[in-house]
Every structure is written in structure tokens, then in C-alpha cells.
Amino acid sequence: MKPVPIKEQKSLVNRLMDACGGAYSPETRRKYFITGPQWAAAYEGHALFHAPTRKTVGFEEVIRQYGEIGIGHWCTHDTDVIPAAAIGTAEQDKIVTRIQKALKKNDVACSMVTTETFHHAVFAASPAAESPQVREYAATRLCNTVNIGHQLGASYAVYWPGSLGYFVQGAVEETQTLKWYAEGLNAACEEDIKVAAAMGRPTLKHCMEAKPFEPQAEILLPTSDAMLGFISSGLLTHPEMVGLNPEYLHELMWGAAPRAALARALLCGKLWHFDINDGYRLKHDVDIAVGLVNPLDWLNVLVLLRSHGYNGPFNLDYKPPRTTSNHGVFKVSFPTAVDRFITLWEMAGDVLSDPIINEATDALKAGGPRAKDVHDVEAITKNHAELLTLHELIAHRLVQILIGAHRGRHYAL
């Protein structure tokens, strides 16, 4: 095999990408509420043990590329686009104006804003630290992001309290820390009410995002269920304004079933935003693109969301692999992530309309003949025993739909 010259490598990637087929047009992609984060496209491949492998990409280029791909919405942390020292200054106003121009030029909307309260050294002890000055600064940052969100036309604000925890037990008093954290959210909601009224806009949907591990050794709000408890704890002055942004992998990381976590959020009416990616149970936050590890699980997740009419954002919160080039991020990584999501979403529609699954499900719900005596456990068991085999049949049918066997695809041996 001959080495591939540098000047021919991009064209090789482009040719093989085209040969893959199965791509949707940018116009089709825009029909779905898919959002692209600034941080995902700008990720340079660095991590705790990793040096960067890609060059820096600014927000104007990210927004331009999203527009070309057909990702109709963009979102960002405040410090993804505004240096921390420029927060709340005239420099921030200039940057926001540039973002507005880039969004308009590329027909992309800002869907969500979020505040970085985990990276800067000021948040070493979390945004709910013992120091009143740190907490005051954190609240100022949260309120500032609310203002940016309204300026950019966003509808959502997301909060990941990743540094809300500790390395050593006893270093913080958990109940007090949670009360202090609530004060920051309360300040953001109060600011939102004021700014929304002044601008004649609806208030934002404030969404909390849980993660069980990292960056602290122990996290105070590690799961979506913990956050549902926090929202209903009485600490929030506007709990009706606060919901959830579960992340698929964050739920999977601690061994949970993401679909079950989403179901609990749906029952509470708090599933407002959804970060989509993929990965592995009981491992660190690898942030692989949607459908590359657990496509069958993803199909089941989307069946649940379609059946319950979820219409919020699907946010591509993943990291293009360190092995992918800058060119590949926008030529391969993001287009294929979007296309796999769309395919799985439409497959979920096939599941919901499939006559075999529907007949099997209806039969399970109908049950067998009623026993004459409600206390006759043996008769009740016997009357339903054969029907329960349908659980495995449904699972088989889901795999058939995933691989296209329900449409006649098979392999001749």
C-alpha cells in the first residue's frame, strides 16, 4: 500500500464520506430541533491526559459551519465566547453584537445559554462556596448570562453544577451548600423575570444538568432524580421556572437506564432539554457521538420521547474524537451525528406504528381471562403465562427495525 500524500488526504475523506451515502440534506436536518454547542465544535482534543490535536475554532466559523450542515440552532457557555475578564464590560457587548450578526448571516438561531461555573479558579470551591464574595460573583455571572440569552433570542438556560461537591468529607456542610446554590438559581430567575418583562419576551426555561462523577470526588446533585428532589425541596422561589436537562451519558455513567430517568422526568413535567451523546456504563465522561455505542438503547429512548410528544431541543453535547481533524469535525463528525439521530428518530416512528409491536403490546395490556377468584394466584399466573413471552418477541422486533429486517433486509448464506 502506498502512503497517502498530505494534499490528497482531505479529498480521500470527502470521497469516502460521499460513498457512505445515507446523508440528509441541510434543509431536512433543519426540520429537527437539533442544537450544536460552541464547545463541542471548538473542542481541541485536550483533556486531563491529552494534549490538543486540533486548532482553535472561533464562534463565527462554528456558526457558519453549522448553517452549512443544516444545524439550525447554536448554544454556548458564556466564557466559550467571552473571556472571563470581559464579562459585563463593553467588550462583552461587542462580542454579543458579533454573535448576533453571525447568527443572522447563517440563518442559525441561539437556542440556549449556560454559565461556566466549574473551570475558572474562582470556582475551585464551587459557585456555592463559603465565601460570600464568590457566591455574589457567581450570582452576577448567572444573571449576566440571562441577559445574554435574551439578547441572543435564546429560550433555555442550562446549569451544570459540576464543581458543587467536595474531595474530602466534612470540608463542606452539604445542606448549607445546597441552600447557597439555590440562592444563585433564585437570583437568575428573578433577573429573568425582570429582563423578560422589559424586552417583551417569555422567560427562559432554566434547566439543571446532572452528572454523577467528575470533576469533584463527590457530587451533591449527581443524578436527575436528585435534581428533581432539589427542585421540589422548597429552596427555589420559582420552582415552576426550573426543569431538567438530562444528558444521556451522564445517566448511563452511574449504571442507570437513561430511558427510565427520562420517564421519571416526563412524569414530573420537567423534561425540557436533552443533551444527546453516547458512551459506556460506569466509566468516565467519554462523550461519544449519538448512536455509535448503544444504537438499540437510543432507539428505545426516542420511542419513549416520541410517544410522549417531547418537542424540546436535542443538543449535540459530545466531543469529536481526538483523531478527527478540524476538517473532519465539520465534514464527518457533525453531519453523521445529526444523520444518525434523524434516522433513529424516524425508526422510532416505525416502532410506534409497527403492527406486530402494537398487537403484542395491546395483548399484554388486555391480559388473559380473569380468574374466578381474585385470590387464586395459580389461576392468575396460568392465565397470563404465555402472553409474557411477548416481551422477548417485542425486543426481537425492535432489533429487526434497527437493522431493517422489518423491511425485508436479510443476508443470503
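Post the alpha-carbon centroid distance, region 128-154 to region 42-58, in whole angstrom.
Taking the Cα centre of each part, region 128-154 and region 42-58 sit 27 Å apart.
Arrange the following residues from fewest to most other Cβ atoms within 10 Å of their Cβ: ASP285, ASP297.
Final ranking by Cβ density, sparse to dense: ASP297, ASP285.
For the pair ALA171 and HIS46, how long in nm is the line joining their label points, each one 7 Å along Cα→Cβ?
2.3
Please arrange MET112, MET17, MET199 by counting, for each residue, the other beta carbons lying within 10 Å of its beta carbon, fewest first. Present the calculation step by step, with values, prior to reporting the outcome.
On the way: MET112 24, MET17 15, MET199 12.
Lowest to highest Cβ neighbour count: MET199, MET17, MET112.
Could you tell me which label, among (i) 19.6; (ii) 23.2; (iii) 27.2, carries the value of mean projected area of the Cα convex hull in nm² calculated for this structure?
(iii)
Under a crude label model (7 Å from the Cα following the beta-carbon direction), how far is SER307 from ASP362 in nanometres?
Using points 7 Å along Cα→Cβ, the separation is 1.5 nm.
Fully extended, how many nm does the chain gain between HIS327 and GLU68 (0.36 nm per residue separation, minus their Cα-Cα distance)?
Extra length from HIS327 to GLU68 when fully extended: 91.9 nm.
Would you order VAL303, VAL338, VAL96 from fewest to most other beta-carbon atoms within 10 Å of each residue's own beta-carbon?
Working: VAL303 22, VAL338 27, VAL96 16.
The order, fewest Cβ neighbours first, is VAL96, VAL303, VAL338.
Taking R0 as 41 Å, what FRET efficiency do you get between ALA85 and ARG264 from their Cβ-Cβ distance, rounded to the nearest 0.05? Please report the intermediate quantities before stating the final value.
Working: r = 41 Å, r/R0 = 1.00.
Computed FRET efficiency for ALA85 and ARG264 comes out at 0.50.
Among all the lysines, which ones have a C-alpha under 19 Å from LYS104's C-alpha, if same-chain residues fewer than 8 places away are not counted?
LYS31, LYS94
What area, in nm² and to one decimal, does the C-alpha convex hull of region 1-60 cast on average over all directions?
7.3
Relative contact order for region 1-120 using alpha-carbon pairs under 8 Å, separation at least 6, rounded to a whole percent?
Relative contact order for region 1-120 comes out at 26 percent.
List the lysines whose alpha-carbon lies under 17 Å from that of LYS10, not counting same-chain residues fewer than 8 positions away?
Output for LYS10: LYS2, LYS55, LYS331.
Here, each number is a calculation from the coordinates, and none is a lab measurement. Only a predicted model underlies this, so the values are computations on that prediction, with no experimental measurement involved. Positions of Cβ are generated from backbone atoms using ideal geometry, with glycine treated the same way; all protein chains shown enter the neighbour counts.
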